[in-house]
Amino acid sequence: MIPLFDQAMNIALTYDVTTLKDKLVLYSISYLPTTENRDKAFNFVRQHSGSQTIENTPCGNKLIELDLSQPQHNLTSENIAQIWATASKRMIQKAQGHITAFVDGADPRSVFCQTELPAILENPDISTINNIDKHIFAQQIRNNQEVHK
(Lines give C-alpha, C1' and ligand atoms only; values in the text may rest on other atoms or scores of the structure.)
Protein backbone atom coordinates (compact mmCIF):
# COMPACT_ATOMS: atom_id res chain seq x y z
CA MET A 1 0.00 0.00 0.00
CA ILE A 2 1.38 3.40 -1.01
CA PRO A 3 1.41 5.94 1.86
CA LEU A 4 -1.31 8.56 1.42
CA PHE A 5 1.13 11.48 1.23
CA ASP A 6 2.98 9.80 -1.65
CA GLN A 7 -0.27 8.90 -3.38
CA ALA A 8 -1.59 12.47 -3.05
CA MET A 9 1.70 13.99 -4.18
CA ASN A 10 1.68 11.75 -7.25
CA ILE A 11 -1.82 13.03 -8.05
CA ALA A 12 -0.66 16.63 -7.54
CA LEU A 13 2.24 16.01 -9.92
CA THR A 14 0.44 14.10 -12.66
CA TYR A 15 -3.33 14.67 -12.82
CA ASP A 16 -4.78 17.25 -15.22
CA VAL A 17 -4.82 20.82 -13.87
CA THR A 18 -5.70 22.57 -17.12
CA THR A 19 -8.17 25.46 -17.07
CA LEU A 20 -9.64 27.46 -19.93
CA LYS A 21 -7.97 30.72 -21.00
CA ASP A 22 -9.17 33.63 -18.83
CA LYS A 23 -11.17 31.27 -16.57
CA LEU A 24 -8.84 30.46 -13.67
CA VAL A 25 -10.14 31.56 -10.28
CA LEU A 26 -7.85 31.63 -7.24
CA TYR A 27 -8.51 32.31 -3.58
CA SER A 28 -6.52 32.56 -0.38
CA ILE A 29 -7.69 31.35 3.03
CA SER A 30 -4.42 30.08 4.55
CA TYR A 31 -3.89 31.60 8.03
CA LEU A 32 -7.07 33.70 7.72
CA PRO A 33 -9.86 33.54 10.31
CA THR A 34 -12.64 32.87 7.75
CA THR A 35 -13.25 31.12 4.45
CA GLU A 36 -14.76 34.28 2.95
CA ASN A 37 -12.33 34.41 0.00
CA ARG A 38 -13.05 30.78 -0.89
CA ASP A 39 -16.79 31.33 -0.55
CA LYS A 40 -16.59 34.31 -2.92
CA ALA A 41 -14.50 32.31 -5.40
CA PHE A 42 -16.92 29.37 -5.40
CA ASN A 43 -19.86 31.75 -5.86
CA PHE A 44 -18.05 33.45 -8.76
CA VAL A 45 -17.47 30.08 -10.43
CA ARG A 46 -21.16 29.21 -10.07
CA GLN A 47 -22.12 32.49 -11.74
CA HIS A 48 -19.51 32.53 -14.54
CA SER A 49 -19.69 29.64 -16.98
CA GLY A 50 -16.39 27.91 -17.64
CA SER A 51 -14.62 29.46 -14.64
CA GLN A 52 -12.66 27.02 -12.50
CA THR A 53 -10.88 26.82 -9.19
CA ILE A 54 -8.36 24.05 -8.64
CA GLU A 55 -11.13 21.97 -7.09
CA ASN A 56 -12.86 21.91 -10.49
CA THR A 57 -9.92 20.22 -12.23
CA PRO A 58 -9.45 16.42 -12.37
CA CYS A 59 -6.47 16.84 -10.03
CA GLY A 60 -8.43 18.86 -7.49
CA ASN A 61 -11.40 16.50 -7.69
CA LYS A 62 -9.17 13.53 -6.93
CA LEU A 63 -7.42 15.28 -4.03
CA ILE A 64 -10.79 16.19 -2.53
CA GLU A 65 -11.88 12.58 -2.90
CA LEU A 66 -8.90 11.52 -0.75
CA ASP A 67 -10.18 13.75 2.10
CA LEU A 68 -6.63 14.49 3.22
CA SER A 69 -7.56 16.34 6.40
CA GLN A 70 -9.13 13.34 8.12
CA PRO A 71 -7.25 12.63 11.40
CA GLN A 72 -6.79 8.94 10.61
CA HIS A 73 -4.57 9.91 7.67
CA ASN A 74 -1.95 11.45 9.98
CA LEU A 75 -1.10 14.21 7.51
CA THR A 76 0.04 17.53 8.95
CA SER A 77 -1.39 20.82 7.72
CA GLU A 78 2.06 21.41 6.18
CA ASN A 79 1.82 18.09 4.29
CA ILE A 80 -1.61 19.01 2.96
CA ALA A 81 -0.49 22.52 1.98
CA GLN A 82 2.53 21.06 0.16
CA ILE A 83 0.31 18.73 -1.86
CA TRP A 84 -2.13 21.49 -2.86
CA ALA A 85 0.70 23.95 -3.55
CA THR A 86 2.32 21.45 -5.90
CA ALA A 87 -0.91 21.01 -7.85
CA SER A 88 -1.62 24.73 -7.82
CA LYS A 89 1.81 25.68 -9.13
CA ARG A 90 1.36 23.26 -12.05
CA MET A 91 -2.09 24.73 -12.73
CA ILE A 92 -0.70 28.26 -12.87
CA GLN A 93 2.18 27.20 -15.10
CA LYS A 94 -0.45 26.05 -17.63
CA ALA A 95 -2.83 29.02 -17.19
CA GLN A 96 -3.33 31.67 -19.84
CA GLY A 97 -4.76 35.15 -20.03
CA HIS A 98 -6.63 36.73 -17.15
CA ILE A 99 -6.95 35.37 -13.60
CA THR A 100 -9.66 36.23 -11.12
CA ALA A 101 -8.36 36.18 -7.55
CA PHE A 102 -10.15 36.43 -4.22
CA VAL A 103 -7.18 37.14 -1.98
CA ASP A 104 -8.24 39.92 0.39
CA GLY A 105 -5.90 39.91 3.36
CA ALA A 106 -3.74 37.13 1.92
CA ASP A 107 -1.16 36.11 4.49
CA PRO A 108 2.49 36.23 3.35
CA ARG A 109 2.78 32.53 4.40
CA SER A 110 -0.21 31.49 2.26
CA VAL A 111 -0.05 29.22 -0.77
CA PHE A 112 -1.17 32.21 -2.82
CA CYS A 113 1.73 34.42 -1.71
CA GLN A 114 4.38 31.71 -1.47
CA THR A 115 3.58 29.64 -4.56
CA GLU A 116 0.83 30.97 -6.77
CA LEU A 117 1.79 34.63 -7.12
CA PRO A 118 5.46 33.88 -7.95
CA ALA A 119 4.29 31.30 -10.53
CA ILE A 120 1.91 33.85 -12.05
CA LEU A 121 4.73 36.37 -12.36
CA GLU A 122 6.92 33.75 -14.07
CA ASN A 123 4.23 32.69 -16.56
CA PRO A 124 4.42 34.91 -19.69
CA ASP A 125 1.00 33.61 -20.80
CA ILE A 126 -0.78 35.27 -17.84
CA SER A 127 -1.36 39.00 -18.30
CA THR A 128 -3.69 40.28 -15.59
CA ILE A 129 -5.16 39.52 -12.19
CA ASN A 130 -8.54 41.10 -11.43
CA ASN A 131 -8.12 43.25 -14.57
CA ILE A 132 -4.85 44.72 -13.27
CA ASP A 133 -1.42 44.07 -14.79
CA LYS A 134 -0.07 41.10 -12.82
CA HIS A 135 3.08 42.96 -11.72
CA ILE A 136 1.10 45.93 -10.42
CA PHE A 137 -1.29 43.54 -8.64
CA ALA A 138 1.64 41.75 -7.00
CA GLN A 139 3.06 45.07 -5.82
CA GLN A 140 -0.33 46.02 -4.37
CA ILE A 141 -0.39 42.75 -2.41
CA ARG A 142 3.12 43.41 -1.09
CA ASN A 143 2.25 47.00 -0.16
CA ASN A 144 -0.89 45.86 1.65
CA GLN A 145 1.11 43.30 3.63
CA GLU A 146 3.66 45.96 4.64
CA VAL A 147 0.86 48.20 5.93
CA HIS A 148 -0.53 45.36 8.07
CA LYS A 149 2.75 44.28 9.65
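The values are calculated or read from the model by the stated rules, or taken from the named source; none is laboratory data. Everything numeric here is computed off the predicted structure, so don't read it as measured data. All Cβ positions, even for glycine, are placed from backbone atoms using ideal geometry, and neighbour counts span all protein chains on display. When the accessible area is computed, the model is the full protein with side chains, heavy atoms only, and any ligands, DNA or RNA have been set aside. Shrake-Rupley method; radii C 1.70, N 1.55, O 1.52, S 1.80 Å.
Return yes or no: is Asp22 on the phi > 0 side of the Ramachandran plot and either of a type in the set (Asp, Glu) or in contact with a Pro (Cβ under 9 Å, 6 or more places away or on another chain) (or both)?
yes
Looking at region 49-75, which of its residues are more than 26 Å from Gln7 (Cα to Cα) and either free of Cβ contacts under 8 Å to residues at least 12 places away in the same chain or under 14 Å from the mean Cα position of the chain (by Cα) (or both)?
Ser49, Ser51
Restricting attention to region 110-149, and to residues there that are assigned to a strand (DSSP E or B) and touching a Ser or Thr at 6+ places or on another chain (Cβ under 9 Å), which single residue is farthest from Asp22 (Cα to Cα)?
Out of the qualifying residues, it is Asp133.
Based on what the data block shows, is Ser77 modelled with pLDDT under 95 and either open to solvent by less than 40 Å² (accessible area, probe 1.4 Å) or closer than 19 Å to Val17 by Cα (or both)?
Against the criterion (modelled with pLDDT under 95 and either open to solvent by less than 40 Å² (accessible area, probe 1.4 Å) or closer than 19 Å to Val17 by Cα (or both)), Ser77 does not qualify.
Rundown of residues vs (1) part of a loop (DSSP other than H, G, I, E, B); (2) open to solvent by less than 70 Å² (accessible area, probe 1.4 Å); (3) in contact with a strand residue (DSSP E or B) (Cβ under 8 Å, 6 or more places away or on another chain), yes/no style:
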residue: Asn37; (1), (2), (3): no, yes, yes
residue: Lys40; (1), (2), (3): no, no, yes
residue: Asn43; (1), (2), (3): no, yes, no
residue: Arg46; (1), (2), (3): no, no, no
residue: Gly50; (1), (2), (3): yes, yes, no
residue: Glu55; (1), (2), (3): no, yes, no
residue: Asn61; (1), (2), (3): no, no, no
residue: Ile64; (1), (2), (3): no, no, no
residue: Leu68; (1), (2), (3): yes, yes, no
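Of all residues being surrounded by 13 or more Cβ atoms within 10 Å (Cβ to Cβ) and among the aliphatic types (A, V, I, L, M) in region 1-12, which is farthest from Thr100 (Cα to Cα)? Just the residue, please.
Of everything passing the filter in region 1-12, Leu4 is farthest from Thr100 (Cα to Cα).
Please go through (1) touching an Asp or Glu at 6+ places or on another chain (Cβ under 7 Å); (2) farther than 18 Å from Thr57 by Cα for Ile92 and return the number of the only condition it doesn't satisfy.
(2)
Report, by residue number, each residue of region 1-35 that is among the charged types (D, E, K, R) and in a helix (DSSP H, G or I).
If the condition is that a residue be among the charged types (D, E, K, R) and in a helix (DSSP H, G or I), then Asp6 is the only one that fits.
Going residue by residue through region 107-123, is there one that turns out to be touching a residue at least 40 places away in the same chain (Cβ under 8 Å), of a type in the set (D, E, K, R) and surrounded by fewer than 13 Cβ atoms within 10 Å (Cβ to Cβ)?
yes
Out of the residues in region 19-35 that are of a type in the set (Val, Ile, Thr) and surrounded by 19 or more Cβ atoms within 10 Å (Cβ to Cβ), which is farthest from Lys89 (Cα to Cα)?
Out of the qualifying residues, it is Ile29.
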